Structures are given as structure tokens and as C-alpha cells.
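Worksheet for the structure shown next.
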Amino acid sequence: MDSPSSSSTQAQSSVMPSATQEISTPVSESWWKEASVYQIYPSSFKDSNGDGIGDIPGVIEKLDYFKNLGVDIVWLCPVYPSPQVDMGYDVADYCDIDPQYGTMADVERLIEGLHSRGLKLLMDLVVNHTSDQHKWFRESKSSKDSPYRDWYIWRKPRYDENGERQPPNNWSSYFGGSAWEYDSASDEYYLHLFAKEQPDLNWEHAPVRDAVHDIIRFWLDKGVDGFRMDVINFISKQDGLPDATVKIPGAKFQWGDEHYACGPRLHEYLQDIGKILKEYNAFSVGEMPAVQDPKEVIKSVGESRGELNMIFNFEIVDMDHGDGGKFSPHKWEMQDLKKIVNKWQTFMYKNKGWNALYLENHDQARTVSRWASDKPAYRALSAKMLSTFLCLQSGTVFVYQGQELGMANMPADWEMTEHRDLETLNHWEE
């Protein structure tokens, strides 16, 4: 490759900012900006009683491990009572603990043990939807006249040209099929963006918002230091719930995220939550899928907005997804990754936002298998390479349990009976 001419070099220097210019905007200080987070999926982390299920006492046994690892925050995935249709992300009671994981006293011991070591606890807050076994939904479903009816999103059916009953719109569930489930007793459908056992809450209904605020205060008063908020940008739906644009020709149901990802009242709702978190100096990270527009993201994490501290952006972990999602692979180049990283590092710095840095979590494949090599000769090198890439960026680092060990995917030749992921199982059945 020829060296650039002097005129070309001069032209480049006239438009490129100097190193001094690049760091001229000061970054404000916050405790969570200098922290790292370790994510625990409790059922598969540490089993303390030999029943084959990880539990909170098992987490407590590893407190010194977290301290020695150098992390600052432990993120505990849902441990609330749940039918476990979606591994705890179908919550049946927000203010109690599932017996398979332990007791409220165990959580209190966990908080005390973390705080005594200078560590903090992040809990999962799953409030786009509940379990269909939650008392709110059971009451809502019991009668059209129930005071809880409007706590969820109910709609009358549509009928096609043949008089056949159809769902209220063409939205697809993220777990396959329609996002609507028919209730014959009331002749209405309820919305579930995920499993049919996970009905969406109606955030337009003020008592729902009040109940969520009470849940947040309950855990903050217990000593929890913040929340990871599950699909929090889905809580506000567009008025009228219109049909989704057809993006997958021939498919009966379509992704409807254009009508609920960062919906019309999202920021109003997040600002209400932000006011509560500010009272406690609590930390927040929002999971925000289906959003890649930086201008939309900064509305949620901008320093002056009073909403979230940071979000999980999906652009990197979705870069190998095709039109059909994670099960339709898309080939990517290193340049694609570089562009995404540069985009978000530059944008967040210039606009006083903050990045949540992650490559793995309970929804993602192990990166040494996915993007590098998990062969014995290369696994450790691959893990170190990916860790270096992650940790040298600006932002708060999130590490998924086992990522620090370079854990790989489960062997490809294992039977489907070994899988527990609902999305994977539904796709396999389809």
C-alpha cells in the first residue's frame, strides 16, 4: 500500500480532532461508572443443598470469590416465586422468594455479606409482564368486571373474510407464534410479547405504575442497591396497537417492535422510576432490545434526563442475526464490529451518556464458541482476547458467570432434552 501524500496527510489533520480535543469534555463521576458487575443465574450457579438447583445460600458461599475476583456489584437474576416457564422471568410474586432458591432471610444475609465486603447487589426487575399465575392476572382473567381487568391488555378478536376469529393484530411473540392468547370465557385476547404464560402489564393504568413503584421501594428498603430492568423499553405501547409492518414476507405474524420499543410514554414512566432511584442513590441498567438509534437511547440515559444510568444495547450481540433472529445466522466482518464500537463509544462520550459493556448473559451464547474458538488449544487465548476487547472500552463491564473462566457452549451433540431455554425449545418445535 502506498504511503499517503503530504497533501493528503495535511487534509486529514485539518479535519481530525487532536487528542487534546478528544478528551476536552470531562466525564462526571459516579460510583457505578467505576464498577464492574458479575451476573449470577441462580439455578445454575452454586447448589448448597444437593437438590441439583443453585440457590441463594450457594451464592453466599461464594462471596469471597466475588471479592477476590475484583467485581463491585453482583447482579442476581430472578429469585422470586415463579412457575419457571421462562426460568424466573415469569414472576408470580415480586415481594417474596421462590422456595427452590431459599428464603427472604437468605436474601437479607446475602445483602449483609455483600455490603460487609464493600460489594453491592443488583436485582432483576421484570415489570413489562408477570406470570399468568400472579394474583393480579388471575383476578384480571376472572371477569370483565374485575377491578384488575385493566391491569393487563385485553382486546376483542378480529374476524377475517371467512368469519374466522383472529388475534387483534399481527404481532409475533418473541417466543414464536402470535403475541395474543384467546380467553374463551370472556371472548377476548390478552397480549403477551413473550410466552403466553407471561401476560403484558398495562402501564397506561395508573394502579399498575403505583404497584411497580411500591415493589421498587420494597427492595430498596431491604438494602438492594439497584435494578437491572428487563425489556424496560417495551412497557409503553402505541395507541391502538396497530398491525406491524411486514418484514418477513409470507409469515402470518410479524415483529411489532416499531409499536412498542420506546413507546410514546416510556420516558414519562422511566422518569417516575428515576425519581425513586435517586432518593436511594440506586443504580439502574435497562435492557432495551430493538433500538439502535442513538438519539432514542440517549433520551433514556442522558445525564440530565433522570431516567436510567445505562442500558444494554443489542447492536453487537445482534450483529450475527439474520431477519429471522438468532436462529438465522448473518455473516459479519471485523469492520462491522469496529463500526458499532466506535459509534457507541463516541456517541455516549459526546452526549454525556454511559455504556454498559457486555458480550455474554443468560440470553447469549458463550463468546469463545460464538466469535472465536473453543478448541482446547485456543480457548484460553480466545477468552483473554475477548476480555481485553471488552475491558479496554469506556463503560461499566458486565461479566456473566463463567465468562471469567472462558466457559464454552454446551456440546453441539447433546440431545435437545438437555436444553432448558424456552426460546430454543419453541424454535426447535416449529
Subject >> Residue satisfying all of: in the stretch 113-135; in a helix (DSSP H, G or I) and free of Cβ contacts under 8 Å to residues at least 60 places away in the same chain; nearest to ASN233 (Cα to Cα) among these >> reply: LYS135
Original post:
Can you find a residue in the stretch 317-326 that is among the small types (Gly, Ala, Ser) and at positive phi?
Top reply: yes
Original post:
Would it be correct to say that PRO199 is exposed (fewer than 15 other Cβ atoms within 10 Å of the Cβ) and touching a residue at least 24 places away in the same chain (Cβ under 8 Å)?
Top reply: no
Subject >> TYR101 being out of contact with any Phe, Trp or Tyr (no Cβ under 7 Å at 6 or more places or on another chain) and buried (at least 20 other Cβ atoms within 10 Å of the Cβ) >> reply: yes
Subject >> Matching entry among LYS120, LYS144 (being crowded, with 22+ Cβ neighbours inside 10 Å and modelled with pLDDT of 95 or more) >> reply: LYS120
**OP:** Within the stretch 181-196, track down each residue that is closer than 17 Å to ASP90 by Cβ, in contact with a Phe, Trp or Tyr (Cβ under 7 Å, 6 or more places away or on another chain) and crowded, with 21+ Cβ neighbours inside 10 Å.
**Re:** TYR190, LEU191, LEU193, PHE194, ALA195
**OP:** Please go through the stretch 192-215 and pick out each residue that is more than 25 Å from PHE175 (Cβ to Cβ) and either part of a loop (DSSP other than H, G, I, E, B) or not small (Gly, Ala, Ser) (or both).
**Re:** PRO207, ARG209, ASP210, HIS213, ASP214
Original post:
Only one of LYS375, LYS339, LYS343 is more than 25 Å from SER36 (Cβ to Cβ), in a helix (DSSP H, G or I) and at pLDDT 90 or above; which?
Top reply: LYS339
**OP:** Specify which of the listed residues (SER373, SER387, SER382) is in contact with a helix residue (DSSP H, G or I) (Cβ under 7 Å, 6 or more places away or on another chain), free of Cβ contacts under 8 Å to residues at least 24 places away in the same chain and of a type in the set (Gly, Ala, Ser).
**Re:** SER373
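The values are calculated or read from the model by the stated rules, or taken from the named source; none is laboratory data. The model shown is predicted, which means the values in this text are computed figures rather than measured ones. No Cβ is skipped: glycine too gets one built from the backbone with ideal geometry, and neighbour counts run over all protein chains shown.
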